[in-house]
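This report concerns only the one structure given below.
The values are calculated or read from the model by the stated rules, or taken from the named source; none is laboratory data. If you're wondering where the values come from, they're calculated on a predicted model, not measured in any experiment. Neighbour counts are summed over all protein chains in view; Cβ atoms, including those assigned to glycine, are modelled from backbone coordinates with ideal geometry.
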Amino acid sequence: MTEDVSSPSRRIDAGAYSLLQQQLVSVRARLDRQVSQLIRLNRVSDELLHAQAPMAQFFAEAIVDILDVALGAVWIFGDDGQPSQVAAFGVPDSDGWAQAGMRIAEQLQESKAVPLPDPVRQYLPGPALVDPIVCRAFGADKQVKALLLASNTTSMAGMCEPTAEETLEILTLVAEKLSAHMAVLADRKIIAEQVVMLRESEERLGLVLKGTNDGWWDWELTSHKCLVSQRWLQMLGLEGGDVEVLDGFWWDQVHPEDRASFRGDLEDALAGDAGGLEAEIRMRHQDGTYVPVLLRGTITRAAGGEPVRFTGSIFDLSERHRQENQVRRLAFFDPLTDLPNRRMLISRIEDTLRVNSQTGAIAAVLMLDLDRFKTLNDTHGHAAGDQLLRIAAHRLHAEVRDADTVARLSGDEFVALLPAAGDDVPGAIRSAELVAERLQQALNRPFELDAGTMHLSTSIGIALAAGSTATVDDVLKQADVAMYEAKAAGRNAVRVFKLAMQMQLEERARFDARLREGFAAGELEVHYQPQVDAHGRLYGTEALMRWFPPELGPVAPTKIITAAEDSGFIHELGQWTLETVCRQAAAWGSGPDSRIAVNLSSAEFLHPDFPDRVLAVLERTGVSGKAIRLEITEATVVSDVEFAASRMETLMAHGIEFSADDFGTGYSSLTYLRGLPFSEVKIDRSYAARLPNDAQDVAIVQAIMALCQTLGLRIVAEGVETSAQLEALAQYGGEIFQGHLFGGPQPPPARPEDLVLRRGPIEG
């Protein structure tokens with residue numbers, strides 16, 4: 001070979017390789033320079049891989065020159081002990097290893113046995129070989145690395161054999177040549193191993209860069225040229241592999257708002273002693289948008305300290321920013337409605353109060369609660385409830401200004417913040433009331449849900465925040481108090497906070513506690529009021545709740561029911577009432593005049609288990625469904641007529657009848673009356689109170705009675721207190737009458753007919 005590949009300058013020691021490996025990990029640009037070196041090493045390695053055969057041939061030719069031999073062969077063994085190369089002389093080139101070995105063996109005369117390695121023995125015809133010239137070269141592992149077999153045909157013919165000294169000289173020369181060759185092979189092995197390690201490092205670095213989603217660059221500051229990776233180009237929507245660009249490419253891609261700060265940071269890093277730079281900037285995507293990226297670079301300096309190279313990685317922050325934004329939305333926005341949550345609302349109220357303390361503006365906070373939403377949620381499931389809340393949120397947001405805030409406080413409670421409702425209290429109240437009216441109208445519209453059409457009303461409380469002493473807690477508490485005052489007024493109302501409301505709220509809390517105490521003590525009673533027909537005969541009775549606490553006196557049933565509904569106590573109270581009524585019906589016995597009417601609250605009727613509860617009470621008390629008549633108001637069923645009809649029909653199958661109570665007080669009475677299976681209609685007492693002198697009420701009553709007659713419904717007139725009222729109602733078509741003229745609510749007598757005070761035919 002013409003090149004000394006075993007020279008130390010051609011070797012890569014462990015320290016050099018370690019340095020290369022560090023450079024591969026830290027600076028991707030230097031990898032390219034190492035690739036060039038890698039190519040050179042590969043070339044050298046390839047040359048060495050093919051050096052065995054020429055070297056063996058060289059040894060063979062050297063022996064031929066020294067000895068007058070006719071036949072010979074050289075084997076070179078690999079680390080596995082197998083012959084990897086062979087050179088033969090005295091035999092045709094076309095012959096293989098086996099043929100060469102056999103020809104040599106055939107011409108060698110037997111003199112003494114020489115042990116041979118098994119890999120060679122397999123190519124020879126016999127177990128031993130007579131060999132005047134045998135040379136072995138051993139490696140550091142004491143394994144045979146090369147084997148020479150030679151035969152002098154002249155000596156075999158009886159001619160002069162070489163002397164011992166000549167043989168020793170020959171063997172020494174061959175051993176030296178073989179040792180040199182082994183050194184070359186050792187260098188080749190080291191280089192090959194290091195080449196493999198370099199390739200593995202390159203692959204690992206590639207996998208790391210790919211796994212970390214990093215791109216890289218190598219910026220030659222002196223030449224103003226920059227090599228950027230394919231991954232960088234992909235981040236910006238560009239195609240192609242690693243490319244070299246001018247440094248102006250940087251500034252064209254950086255967001256205009258980020259260029260000055262980034263250039264300044266880079267110049268500071270280049271001018272100072274810092275070894276690198278880390279910056280977060282935006283770079284222009286091919287589609288015109290900007291991608292947030294993180295740059296981490298290392299500055300390489302010359303011997304004099306001047307910067308010559310800027311290399312590093314680039315990381316796409318888009319996914320990280322998306323996750324950060326998501327976390328922020330989870331922290332400050334309601335995931336169901338996408339409205340600001342309580343935390344965001346409090347923050348905005350605090351900001352409003354701080355600003356208004358300087359400007360003098362008055363803020364308004366509106367607390368909204370969806371009336372009877374819990375009942376709807378329990379009846380139709382949480383999916384329907386969630387859908388309604390999303391629609392409600394959208395409607396509320398559409399009704400306020402951009403400067404205002406609508407937030408979901410919790411459950412079915414929403415808050416509207418008006419930062420600048422007015423400059424004075426009266427003006428702020430008027431503005432807040434107008435907004436409240438719009439919000440109510442928006443929520444009063446039917447909700448078209450997957451579960452059907454729903455109707456809701458909304459109670460709204462308003463509180464004003466004026467002056468520098470207002471706090472977030474105070475304003476929210478006041479709005480909440482006003483909202484409960486709106487609920488107490490019959491729901492679907494708007495109330496502005498007044499100091500007296502706080503006292504009323506505290507009073508309601510005390511009343512609720514006393515009601516529960518009285519119920520547990522057995523203080524509540526059920527009284528019965530008679531209903532008579534046109535002949536003065538008992539038609540049935542209505543059960544009415546009564547409570548006479550000593551310290552409070554008689555409590556109105558409406559106050560009891562309202563308090564029980566607000567506190568959730570209504571279900572326990574309603575269950576007790578129904579069971580008490582059924583036991584009384586059992587005591588009175590069956591008969592057409594013993595049917596008892598029971599008022600139901602909306603919460604009771606819409607409870608998911610209501611039909612089962614009613615049937616369970618009938619079974620426990622042993623009475624038929626014909627013994628009771630359930631009275632429900634328009635407000636109870638108007639939210640979902642189809643659901644109400646299905647529930648009514650379930651109970652009607654067991655003989656229970658339904659009455660439409662307080663008919664004529666709602667805006668959609670005629671609509672729901674046609675779609676529900678009522679047996680009778682009870683005209684609200686407010687109409688009877690103004691008969692027969694109020695012409696408008698006369699017309700309404702006549703229209704209601706005509707409608708009921710057309711639909712085949714019985715008519716029950718409530719609130720009959722005078723004979724004039726009775727005669728007018730009978731004249732217009734009344735059939736059943738109820739009021740103090742016939743008897744007020746009384747404890748149950750032994751016989752139901754004993755409830756009737758006035759008997760005899762009714763003239764009309």
Identify all residues within segment 409-429 that are within 19 Å of Asn492 (Cα to Cα) and either β-branched (Val, Ile, Thr) or at pLDDT 95 or above (or both); write none if there are none.
Phe414, Val415, Ala416, Ile429
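Results for (1) modelled with pLDDT under 80; (2) out of contact with any strand residue (DSSP E or B) (no Cβ under 6 Å at 6 or more places or on another chain); (3) not in a loop (DSSP other than H, G, I, E, B), shown as yes or no for each residue.
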{"residue": "Trp232", "(1), (2), (3)": "yes, no, yes"}
{"residue": "Gly237", "(1), (2), (3)": "no, yes, no"}
{"residue": "Val245", "(1), (2), (3)": "yes, no, yes"}
{"residue": "Trp251", "(1), (2), (3)": "yes, yes, yes"}
{"residue": "Arg259", "(1), (2), (3)": "no, yes, yes"}
{"residue": "Phe262", "(1), (2), (3)": "no, no, yes"}
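Listed here are the residues, each with its yes/no results for (1) among the basic types (Lys, Arg); (2) under 27 Å from Phe332 (Cα atoms); (3) within 29 Å of the chain's Cα centre (by Cα).
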| residue | (1), (2), (3) |
| --- | --- |
| Ala398 | no, yes, yes |
| Gly411 | no, yes, yes |
| Val415 | no, yes, yes |
| Gly427 | no, no, no |
| Arg430 | yes, no, no |
| Arg438 | yes, yes, no |
Quick one: in segment 608-656, of everything that is surrounded by fewer than 19 Cβ atoms within 10 Å (Cβ to Cβ) and in a loop (DSSP other than H, G, I, E, B), which residue is modelled with the lowest pLDDT?
Pro608
From the list Asp533, Asp474, Asp512, which one is more than 30 Å from Ile596 (Cβ to Cβ) and of a type in the set (D, E, K, R)?
Asp474
Inside segment 400-421, the number of residues satisfying the requirement of being surrounded by 13 or more Cβ atoms within 10 Å (Cβ to Cβ) and either on the phi > 0 side of the Ramachandran plot or out of contact with any strand residue (DSSP E or B) (no Cβ under 8 Å at 6 or more places or on another chain) (or both) is 1
Quick one: which residue in Thr665, Thr671 is modelled with pLDDT under 85, in a helix (DSSP H, G or I) and closer than 16 Å to Glu634 by Cα?
Thr671
Considering only residues that are polar (S, T, N, Q) and under 19 Å from His740 (Cβ atoms), which ones fall in segment 524-582?
Gln529, Gln531, Thr541, Thr558
In segment 726-742, what count of residues is obtained for those that are of a type in the set (S, T, N, Q) and over 17 Å from Pro530 (Cα atoms)?
1
Provide a single number: the residues in segment 684-700 that are in contact with a Gly (Cβ under 9 Å, 6 or more places away or on another chain) and without any contact (Cβ under 8 Å) to a residue 40 or more places away in the chain.
5
Given (1) under 38 Å from the mean Cα position of the chain (by Cα); (2) in a helix (DSSP H, G or I), where does Phe315 come up short, assuming only one miss?
(2)
Among the candidates Asp424, Asp450, Asp473, which residue alone is in the same structural domain as Arg390 (by TED's automatic domain parsing), without any contact (Cβ under 8 Å) to a residue 40 or more places away in the chain and either closer than 15 Å to Leu366 by Cα or surrounded by fewer than 21 Cβ atoms within 10 Å (Cβ to Cβ) (or both)?
Asp473
Which pairs do you get when a residue that is without any contact (Cβ under 8 Å) to a residue 60 or more places away in the chain, found in segment 514-538, comes within reach of a residue that is among the small types (Gly, Ala, Ser), reach meaning Cβ atoms under 6 angstrom, with the pair 6+ apart or on two chains?
Leu515/Ala563
Regarding segment 730-750, can at least one residue be identified that is among the hydrophobic types (A, V, I, L, M, F, W, C), in a helix (DSSP H, G or I) and in the same structural domain as Glu631 (by TED's automatic domain parsing)?
yes
In a loop (DSSP other than H, G, I, E, B), closer than 14 Å to Pro530 by Cα and among the hydrophobic types (A, V, I, L, M, F, W, C): does that describe Leu757?
yes
Would you point out the residue of segment 487-498, among those that are among the hydrophobic types (A, V, I, L, M, F, W, C) and free of Cβ contacts under 8 Å to residues at least 60 places away in the same chain, that is surrounded by the most Cβ atoms within 10 Å (Cβ to Cβ)?
Phe497
List the residue pairs whose Cβ atoms are under 8 Å apart, where the first residue sits in segment 499-510 and is more than 11 Å from Gln478 (Cα to Cα), the second is modelled with pLDDT of 75 or more, and the two are 6 or more positions apart or on different chains.
Gln504/Glu485; Gln504/Ala488; Arg508/Tyr484; Arg508/Ala488; Arg508/Ala563; Arg508/Asp566
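Yes/no matrix, rows are residues, columns are (1) modelled with pLDDT of 90 or more; (2) surrounded by fewer than 16 Cβ atoms within 10 Å (Cβ to Cβ):
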{"position": "Ser431", "(1), (2)": "yes, no"}
{"position": "Ser459", "(1), (2)": "yes, no"}
{"position": "Leu505", "(1), (2)": "no, no"}
{"position": "Ala509", "(1), (2)": "no, yes"}
Can Met501 be described as closer than 30 Å to Ser431 by Cβ and of a type in the set (A, V, I, L, M, F, W, C)?
yes
